Every structure is written in C-alpha cells, then in structure tokens.
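Asker: First the structure, then my questions, so here it is.
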Amino acid sequence: MAHFDEEVVKRILVEELKLDSITVTITIIGLRKLEDRLQPVLDAWIKDRTEMDFTFQGISIKDIMDKEECWFLSALGTMSMFLGDPEYIEEYRKVDFNQRFKEGNPFEHLERK
C-alpha cells in the first residue's frame with residue numbers, strides 16, 4: 001500500500017489538473033491500493049509531476065499509457081495490478097484495446113470466485 005498525503009494529492013488533482021470530485025475520489029482510492037514497489041514512482045509524481053517509468057516483466061508504465069491511451073496515474077493502477085497478480089500480464093499483452101468493448105471482458109476467465 002502506497003503512503004502519501006491525500007490533501008496534497010487532492011490539491012494537485014483539483015487545482016492543477018482540474019479534475020471533478022468523483023474522479024478525484026476514484027483516483028485517491030486507487031492510489032491508496034498501489035503496490036509498495038511503486039512508491040518511488042508515486043513520490044516523484046507528487047513532488048513535481050515527474051512521470052517516472054517503471055518496468056515489470058517486460059511491460060512499462062509508458063507501454064500501458066500508450067496501449068490504453070490513459071494518463072499516468074491510471075497506468076500506475078494497471079502496473080500495480082500486474083505486480084500483485086503477474087498472471088494477468090500475458091493476457092494483457094493479447095488485448096487489443098481498440099476492440100475491448102466489442103468482444104466482452106478479455107479477463108473474464110481470470111476473475112477470482
């Protein structure tokens with residue numbers, strides 16, 4: 001679990017990034033759950049919005065951002081999932097995010113019961 005000053009992050013998200021309150025709340029909840037190994041990456045972003053890359057089993061935060069066309073903090077959440085459950089990586093590599101909503105949930109068979 002990552003450690004950070006929630007008020008500082010909220011201020012960044014609202015004042016700098018102009019995010020609405022729902023997005024801020026969802027982002028904070030996601031950041032609370034980040035894997036410990038991503039702490040330095042999160043710390044760098046909080047300090048001065050540096051988007052430090054991090055690679056795990058051949059997938060980097062930058063790769064995730066490119067594939068999902070998402071922003072840095074969303075990519076951190078995906079990377080955190082990979083760190084916690086590396087078995088998702090191979091399936092993720094197969095997913096074409098341009099087709100993701102046409103074919104259902106590509107991770108359905110991996111969901112825990």
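Asker: Can you tell me how many residues in segment 91-100 are open to solvent by less than 60 Å² (accessible area, probe 1.4 Å) and assigned to a helix (DSSP H, G or I)?
Answerer: Residues meeting the conditions: 2.
Asker: Let me ask something additional. Mind checking which residues of segment 41-50 are open to solvent by 70 Å² or more (accessible area, probe 1.4 Å) and either within 22 Å of PHE82 (Cα to Cα) or at pLDDT below 95 (or both)?
Answerer: ASP43
Asker: Let me ask another. Looking only at segment 6-31, count how many residues are open to solvent by 50 Å² or more (accessible area, probe 1.4 Å) and either over 16 Å from TRP45 (Cα atoms) or touching a residue at least 40 places away in the same chain (Cβ under 8 Å) (or both).
Answerer: Here the count works out to 7.
Asker: Also: Could you identify the single residue in GLU91, GLU35 that is among the acidic types (Asp, Glu) and at pLDDT 95 or above?
Answerer: So the residue among GLU91, GLU35 that is among the acidic types (Asp, Glu) and at pLDDT 95 or above is GLU35.
Asker: Sticking with this structure for a sec: Filter segment 16-34 for residues that are over 18 Å from the mean Cα position of the chain (by Cα) and within 15 Å of ASP48 (Cβ to Cβ) and give the result.
Answerer: GLU16, the sole residue that qualifies.
Asker: Working only within segment 70-90, note down all residues that are over 12 Å from the mean Cα position of the chain (by Cα) and either in a loop (DSSP other than H, G, I, E, B) or within 16 Å of LYS33 (Cβ to Cβ) (or both).
Answerer: The answer is GLY84, ASP85, PRO86, GLU87, TYR88.
The values are calculated or read from the model by the stated rules, or taken from the named source; none is laboratory data. Just so you know, these numbers come straight off a predicted model, no measurement behind them. A quick note on method: Cβ atoms are made from the backbone with ideal geometry, for glycine too, and the neighbour counts reach across all protein chains shown. In case anyone asks, the SASA skips ligands and DNA or RNA and just uses the protein heavy atoms, side chains included. Shrake-Rupley method; radii C 1.70, N 1.55, O 1.52, S 1.80 Å.
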